[in-house]
Structures are given as C-alpha cells and as structure tokens.
Amino acid sequence: MINIRAVRVMLSLLVLQLAAFYPRASAQTAQVTVIKCGRLINPVDGSVVQNAMIIVRGDRIEQVGTGIAIPAGAKTIDLSGYSVLPGLIDCHTHVMLQPEDERGAPPVITKSQAFRTVQGVAAAKRDLEAGFTTVRNVGANGYSDIALRDAINAGDIPGPRIDASGPAIGVTGGHCDESLLAPEFHHKGDGVADGVPALMAKTREIAKYGADCIKICASGGVLSKGDAPEATQFSDEEIRAVVNEAHRLGRKVAAHAHGATAIKQAVAAGVDSIEHASFIDDEAIRLMKQNGTFLVPTIYLGDWFMENYQRIGVPEFMVEKARVVMPAARQNIARAFKAGVKVAFGTDAAVYPHGLNAREFAIMVKLGMTPMQSIQAATTNAADLLGWSDRVGSIAAGRFADIVAVSGDPVADVTQLERMVFVMKGGQVVFKK
Ligand SMILES: [Zn+2]
C-alpha cells in the first residue's frame with residue numbers, strides 16, 4: 001500500500017526546493033538589455049535628462065540614470081537619437097468595439113461576440129503598437145475583455161496589459177443597456193440590473209468572473225438611443241450599493257457621466273473616476289477636487305466623429321446629440337483643467353479606430369494642459385488611477401520594462417507621440433520603426 005502521507009511530504013519538499021531554485025536561476029539567466037536614451041522624459045518629477053541609460057533585466061527595469069556601469073554580456077538598444085518615456089496608459093478604451101459598431105441596429109444583430117473578439121485581438125495589437133502598453137477596458141460583453149487580457153498575459157497574442165471591467169453596469173434602458181432592437185427581441189446589455197439587491201449581485205458576479213475594475217453608466221450617453229446625456233440613471237441608493245460593493249471587493253469604479261448632476265451623484269457615491277464629464281460645472285469640479293476623483297476626458301473622439309459619421313452611416317439621433325454635447329464638453333473640460341482636477345488620459349478608442357489613441361494629447365494641450373501634464377496624465381496619473389503605480393507609469397527600478405520612444409521632443413511638440421518609433425513591453429521589443 002502506498003503511504004499517501006509520505007508521498008505528500010516528499011512532494012511538498014520537492015515543491016519547496018523547486019521554488020527556492022527557480023527564482024534565482026531565472027534572475028541569473030534573464031536577458032540583460034541596456035537602453036541608451038537621447039532624452040529621458042521622467043513624468044514623476046517632470047524632468048528631462050540627457051543621455052541616461054536604462055538597465056532592463058528580464059521583464060523589469062533594474063536601474064536607470066547617467067554614468068551607470070553596463071553589466072557584462074548586456075545587449076544594447078541605441079535610442080540616443082530619440083526621446084524615451086514610460087509606456088503610455090489609456091484609461092478608457094473599448095477593445096471589443098470598432099467604429100462601424102456605432103451604425104445602429106445592424107451590428108447589434110449581425111456581429112457575434114466571437115467575431116467582435118477576433119477584431120479585439122487586432123485592435124489590442126494596434127493600441128500596443130501606438131505606444132499604449134497598458135489600457136483600462138471599460139465595458140465588454142461576454143467577458144471578452146477578460147479573455148483577451150488572459151490570452152495577452154499568457155503570451156498567446158500581443159497586446160497591452162489590460163485592466164478589464166467586463167460588462168458595464170447600468171439600469172434598464174440606460175446607456176449601458178442595448179436599446180436599438182424592437183421589444184420582441186428581449187435584448188439587453190450583460191451588465192443591466194435594477195434595484196439595490198440586483199445591482200449588488202451583478203457587481204459580485206462581474207468580480208466573480210475576473211473583472212479588475214467596475215464600469216458603471218451614471219448618466220445617459222451620446223451614442224445610445226432614448227437616454228439623455230444630462231440625466232442621472234441610478235437612484236442614490238443604487239449607485240452607492242454598486243460602489244460600496246465594488247470597493248469591498250477591492251475593485252475601483254469608473255463612472256460614465258456627462259451631466260453635472262450625474263457627476264456629482266457619482267462623486268458623492270465615491271467612484272474613482274468620472275469618464276467624459278461633458279457638462280461638468282464648478283460645483284462638480286470642487287467636489288472632485290475635494291474627493292480626489294480623477295477626470296478621464298475623452299475629447300478627440302468628437303473631431304473624428306464629426307469628420308466621419310456620414311461615411312460610417314450612424315443614426316441621425318446620435319449626430320444630433322453629438323452636436324450638443326461635444327462642443328460643450330470642450331469648454332467645460334478646459335475649465336476643469338484650469339481648476340486643477342486630477343486628470344488621467346482616456347480616449348474612447350472604439351468610437352474611432354484603435355491605434356489613433358495618441359491624438360488625444362494635442363487636444364489636451366489645446367484645452368490648457370502643458371505637454372508634460374498631458375504626458376503625466378497618460379503615465380503617472382493613469383497608473384495612480386488604476387492602482388498600478390508599483391508596476392507601470394514610470395521608468396524606475398522594479399517597474400515593468402514598458403518603454404517607448406519617439407523622434408524629436410514631445411515636451412515641445414506633443415504630436416510626436418502620435419508617431420511611435422519604438423515600443424517595449426515587459427522587456428520585449430514589440431514594435432520598431
Ligand atoms: Zn466609452
């Protein structure tokens with residue numbers, strides 16, 4: 001008879017020995033790379049250092065500075081003709097959606113989630129090659145963004161690190177529902193629930209299936225039918241129930257909110273970021289500053305939408321809403337920038353093609369930010385919002401070696417960030433021009 005207990009003891013000893021051996025062995029054998037930087041942009045303190053070097057060991061940054069010794073056997077990457085900065089972070093993407101999905105009912109009926117996910121694989125690669133080594137995906141049906149995240153983390157496909165929300169939570173008929181089909185289809189969004197108990201259960205369900213964060217729709221939207229961007233959607237009790245449950249489960253909450261009342265309701269409920277904030281007013285600005293709530297404006301999409309809506313063929317009611325909301329958003333967001341609200345970079349890439357995300361920088365600067373502030377929004381601030389500052393958002397010892405480079409000086413001309421020449425994620429070169 002086999003002595004099960006002895007076998008268990010032997011196995012656990014073997015596991016302990018392997019665990020003790022492997023970390024050391026992998027640290028010794030990990031590839032060491034030296035990156036020579038022309039201009040190193042440090043968003044942590046807003047400084048720019050000439051001729052710095054970054055030592056990368058395996059997937060992490062080991063050392064950074066000037067005049068540091070190059071380890072023997074290190075591979076060299078020469079970026080001395082370029083500006084180098086931390087991998088960029090987009091806090092508002094929909095990797096599973098593409099511009100043609102705004103065409104109203106046809107894509108809702110004809111596109112399977114499987115097909116959307118295949119398109120999402122391609123979109124994730126485009127976001128990564130545009131320099132976005134981390135994205136927060138805010139809303140995806142079928143938990144497809146979580147599958148995508150896991151496949152990227154497993155090394156099966158290229159893509160950014162994904163802070164994934166799974167389905168966006170909202171009420172029946174709200175922006176996160178799907179209201180385009182006739183009643184007999186009985187179709188609704190995956191994250192729809194009404195009333196405190198159902199919303200608590202939905203939040204728990206979404207966390208159960210692997211969401212890193214929770215996305216809610218606190219106001220109506222522009223590209224949705226039958227809901228007003230200015231109006232709230234949850235009762236105070238409902239929104240508080242979702243936020244409390246998410247926080248209890250260790251998940252941050254991103255709230256889609258255009259109208260000032262919805263922004264204030266969401267901020268009072270304790271959300272971590274307000275997305276879009278088109279009609280943000282002085283009181284909402286004050287409350288956000290007081291609570292430390294991040295603003296994630298998504299401004300560039302308005303330009304692209306107005307230039308392309310006819311070609312895509314979006315329904316007229318969406319264009320009508322966009323004509324009101326988008327110009328107002330510019331003025332109000334500019335006021336929020338001036339008032340010093342904490343800002344994290346977001347794009348809503350999906351409404352326009354993935355890979356154009358960096359066009360948001362120039363708009364942020366046009367609305368009053370300095371180029372360095374816009375870079376901080378997409379690095380240190382964004383990492384702070386995600387709760388990932390110990391992993392991404394800066395070039396410092398111990399962080400993932402997520403490093404990008406562009407020509408010229410993006411601190412003088414922020415549009416340089418639209419033309420990536422080099423992208424490294426986790427110590428691997430994933431794009432090179
Ligand atoms: Zn969005």
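Brief remarks on what is shown
- Odd one out for residue 67 among (1) outside any helix (DSSP H, G or I); (2) surrounded by 15 or more Cβ atoms within 10 Å (Cβ to Cβ): (2)
- Residue match in region 281-293 (condition: in contact with a strand residue (DSSP E or B) (Cβ under 7 Å, 6 or more places away or on another chain) and either within 23 Å of residue 136 (Cα to Cα) or modelled with pLDDT of 95 or more (or both)): yes
- Residue pairs meeting the criteria (Cβ under 7 Å; at least 6 apart or on separate chains; first touching a residue at least 12 places away in the same chain (Cβ under 8 Å) and among the basic types (Lys, Arg), in region 34-57; second surrounded by fewer than 18 Cβ atoms within 10 Å (Cβ to Cβ) and in a loop (DSSP other than H, G, I, E, B)): 39/409; 57/30
- If you filter region 286-301 down to residues that are assigned to a helix (DSSP H, G or I) and surrounded by 22 or more Cβ atoms within 10 Å (Cβ to Cβ), you find that the one that is farthest from the chain's Cα centre (by Cα) is 288.
- Just so you know, in region 267-315 the residues that are of a type in the set (Asp, Glu) and closer than 15 Å to residue 343 by Cα include one that is farthest from the ligand (Cβ to nearest atom), and it is 272.
- Qualifying residue in region 259-270 (condition: at negative phi, buried (at least 23 other Cβ atoms within 10 Å of the Cβ), touching a Lys or Arg at 6+ places or on another chain (Cβ under 8 Å) and not β-branched (Val, Ile, Thr)): no
- Selection within region 259-280 - in contact with a strand residue (DSSP E or B) (Cβ under 8 Å, 6 or more places away or on another chain), part of a helix (DSSP H, G or I) and not hydrophobic (A, V, I, L, M, F, W, C): 261, 265
- Of all residues in region 190-228, those satisfying the criterion of being part of a loop (DSSP other than H, G, I, E, B), more than 21 Å from the chain's Cα centre (by Cα) and modelled with pLDDT of 90 or more are 193, 194, 195.
- Qualifying residue in region 341-354 (condition: over 13 Å from the mean Cα position of the chain (by Cα), away from the ligand (no atom under 16 Å from the Cβ), under 16 Å from residue 134 (Cα atoms) and not β-branched (Val, Ile, Thr)): no
- Contacts under 6 angstrom Cβ, first residue in region 348-360 being among the small types (Gly, Ala, Ser), partner part of a strand (DSSP E or B) and within 11 Å of the ligand (Cβ to nearest atom), 6 or more apart: 349/93
- Selection within region 81-99: residues that are within 16 Å of the ligand (Cβ to nearest atom) and not hydrophobic (A, V, I, L, M, F, W, C). The member of this set that is farthest from residue 299 (Cα to Cα) is 98.
- All positions within region 108-133 that are surrounded by fewer than 20 Cβ atoms within 10 Å (Cβ to Cβ) and either within 16 Å of the ligand (Cβ to nearest atom) or small (Gly, Ala, Ser) (or both): 112, 114, 122
- Search result, residues across region 394-428 that are surrounded by fewer than 19 Cβ atoms within 10 Å (Cβ to Cβ) and among the aliphatic types (A, V, I, L, M): 396, 397, 411, 412, 421
- Residues that are within 18 Å of the chain's Cα centre (by Cα) and assigned to a loop (DSSP other than H, G, I, E, B) within region 402-414 comprise just one, 402.
- Extreme residue, modelled with the highest pLDDT, among residues of region 175-189 that are in a helix (DSSP H, G or I) and not charged (D, E, K, R): 183
- Lone qualifier among 154, 147 - being away from the ligand (no atom under 16 Å from the Cβ), without any contact (Cβ under 8 Å) to a residue 24 or more places away in the chain and aliphatic (A, V, I, L, M): 154
- Within region 372-393, the set of residues being part of a loop (DSSP other than H, G, I, E, B) and crowded, with 23+ Cβ neighbours inside 10 Å comprises 378, 379, 392, 393.
- Within region 273-285, the set of residues being among the acidic types (Asp, Glu) and buried (at least 19 other Cβ atoms within 10 Å of the Cβ) comprises 275 only.
- When we screen 351, 365 for residues that are within 22 Å of residue 93 (Cα to Cα) and touching a Phe, Trp or Tyr at 6+ places or on another chain (Cβ under 7 Å), the only hit is 351.
- Condition met for residue 241 (over 22 Å from residue 340 (Cβ atoms), crowded, with 24+ Cβ neighbours inside 10 Å and hydrophobic (A, V, I, L, M, F, W, C)): no
- Subset of region 336-354 [within 23 Å of residue 289 (Cα to Cα), touching a Gly at 6+ places or on another chain (Cβ under 9 Å) and either of a type in the set (D, E, K, R) or outside any helix (DSSP H, G or I) (or both)]: 338, 342
The values are calculated or read from the model by the stated rules, or taken from the named source; none is laboratory data. Fair warning: this is a prediction, and the values are worked out from it, not measured in the lab. Neighbour counts run over all protein chains shown; Cβ positions are idealised from the backbone, glycine included.
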